[in-house]
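Below is one structure, written out as structure tokens; comments come after it.
The values are calculated or read from the model by the stated rules, or taken from the named source; none is laboratory data. For clarity, every value in this text was computed on a predicted model and none was experimentally measured. Cβ coordinates were reconstructed from backbone atoms using ideal geometry, including for glycine residues, and neighbour counts include every protein chain displayed. Areas reflect the complete protein model, heavy atoms only, side chains present, ligands, DNA and RNA absent. Shrake-Rupley method; radii C 1.70, N 1.55, O 1.52, S 1.80 Å.
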Amino acid sequence: MINIHLLGLFHTIPNDEYTHCAFTNRIRTFSKMMKPFGYNIIEYSNEGSTTDANEIVQILSRSKFDELKQLYRTEQPTAVASTESTLYREFAARLYSAVSDNISNGDIIAHPFGIAHADLLHKITNVYHVEIGIGYEEAFAPFKVFETNHWQSWHYGKTNTWGSDYNFVCPMGYDLDEWEPCYDQGEYLLYFGRIIDSKGLYIIKEIAKRVDYPVILAGEGDSKPFLSEEIPNLSYIGPVVGKTRSELLRKAKAMLMPTRFVEPLGNAGIEGMLCGTHLISCDFGAFAETVDHGITGFRCHTLADSLEAIKKVDTLDREYIAKSTRDKRSLESVGSQMDRIFKQIKLLDSEGWYSDIPTDAVWK
């Protein structure tokens, strides 16, 4: 049996309380996704994790986490997921000790959160360090799993490096029980994500001025720059967690994601499509892979494009959107892809790239 050491996030807990965080959701679903393939998952998280890991090693108690999280909210710098915080330093110190106590040669250490714990690469050797879902700009490990082909190519271009046969692409897997489809045409337009300018919130503001539908902003951040008494149909409801997420997404007429930066995946848009909700996005970044233009949504350039797309969304087949997305993004489908990746990496214990043993025949 292959041991996978899954590193938790220092600033969250893998449970329903933090389902608005895509990185936390990856940890929440990872063990449920990979255990059926025979892996032993050892997770290192703060107290309160509700995952299916074989073993959960507690890093910070809930009382200690709450204490340091309170400090984290005021301590400078106050950036999201600051690795200069006391919370991070305390978690990182305990994490190294906990992993060291459990590790064996040839084990896999799964990094879900970028360079936060890149120091372990040099502190814990004779193991395989794998970044299991790169949707960020700084990748470091010798074995990389990108969220989209586009994002893998973006990294190669940014670093001006050759490709590697031990860099992979695998989408995020979703527990379909958490996302209930709806085939009615929906009641409102929805933005679902971080409330920041770079996600295209000013574009959504312009759209709201020109449509009769309610336009809802949901997510973490400061909504004040984007709201106006002159746009009464535009409102903000804050972060949404747990089962409420599915209810909000499934009843939307369409989701709006006019992201301005190059989007690695656009996780919220996938969640909407799992519910059958159309996605209206920009026409660059990961959306070229995730949005089938005119089928599952529309990729837009101008304001006129977006307004035309809103008029056309009722012509799209919500049942098809839900089924096609669920078939590709289920834990079973994505788990089989990730299983093949881990097995190809583990073949490096022997003949590696030169092995003529099919990975689906390994460790049955």
Residues located in region 150-175, provided they are more than 15 Å from the chain's Cα centre (by Cα) and touching a residue at least 40 places away in the same chain (Cβ under 8 Å): His150, Trp154, Asp165, Tyr166, Phe168
Residues of region 1-41 satisfying the condition of being open to solvent by 10 Å² or more (accessible area, probe 1.4 Å) and among the aliphatic types (A, V, I, L, M): Met1, Ile2, Ala22, Met33
Single unsatisfied condition, Ile207 versus (1) open to solvent by 20 Å² or more (accessible area, probe 1.4 Å); (2) more than 23 Å from Leu9 (Cα to Cα); (3) touching a helix residue (DSSP H, G or I) at 6+ places or on another chain (Cβ under 9 Å): (1)
Members of region 1-23 found to be of a type outside the set (A, V, I, L, M) and either at pLDDT 95 or above or in a loop (DSSP other than H, G, I, E, B) (or both), listed by number: Asn3, His5, Gly8, Phe10, His11, Thr12, Pro14, Asn15, Thr19, His20, Cys21
Filter result for Ile231 (more than 25 Å from Ile321 (Cα to Cα), among the β-branched types (Val, Ile, Thr) and buried (at least 20 other Cβ atoms within 10 Å of the Cβ)): no
Matching residues, region 172-223, being farther than 15 Å from Met255 by Cα and in contact with a strand residue (DSSP E or B) (Cβ under 9 Å, 6 or more places away or on another chain): Met172, Gly173, Tyr174, Asp175, Leu176, Ile196, Lys209, Glu220, Gly221, Asp222, Ser223
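Yes or no, residue by residue, for (1) open to solvent by less than 40 Å² (accessible area, probe 1.4 Å); (2) under 24 Å from Val262 (Cβ atoms); (3) among the acidic types (Asp, Glu); (4) out of contact with any Cys (no Cβ under 6 Å at 6 or more places or on another chain):
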site: Ala98; (1), (2), (3), (4): yes, no, no, yes
site: Ile115; (1), (2), (3), (4): no, yes, no, yes
site: Ile134; (1), (2), (3), (4): yes, yes, no, yes
site: Ala141; (1), (2), (3), (4): yes, yes, no, yes
site: Tyr156; (1), (2), (3), (4): no, yes, no, yes
site: Gly163; (1), (2), (3), (4): no, yes, no, yes
Those residues of region 42-59 which are among the aliphatic types (A, V, I, L, M), within 21 Å of Glu17 (Cβ to Cβ) and not in a loop (DSSP other than H, G, I, E, B), in sequence order: Ile56, Val57
Pairs with Cβ under 8 Å, 6+ apart, first in region 181-196 and within 16 Å of Asn233 (Cα to Cα), second assigned to a strand (DSSP E or B) and open to solvent by 20 Å² or more (accessible area, probe 1.4 Å): Tyr188/Ile216; Leu189/Ile216; Leu190/Ile216; Tyr191/Ile216
Some residue of region 186-193 being among the aliphatic types (A, V, I, L, M) and touching a helix residue (DSSP H, G or I) at 6+ places or on another chain (Cβ under 6 Å): no
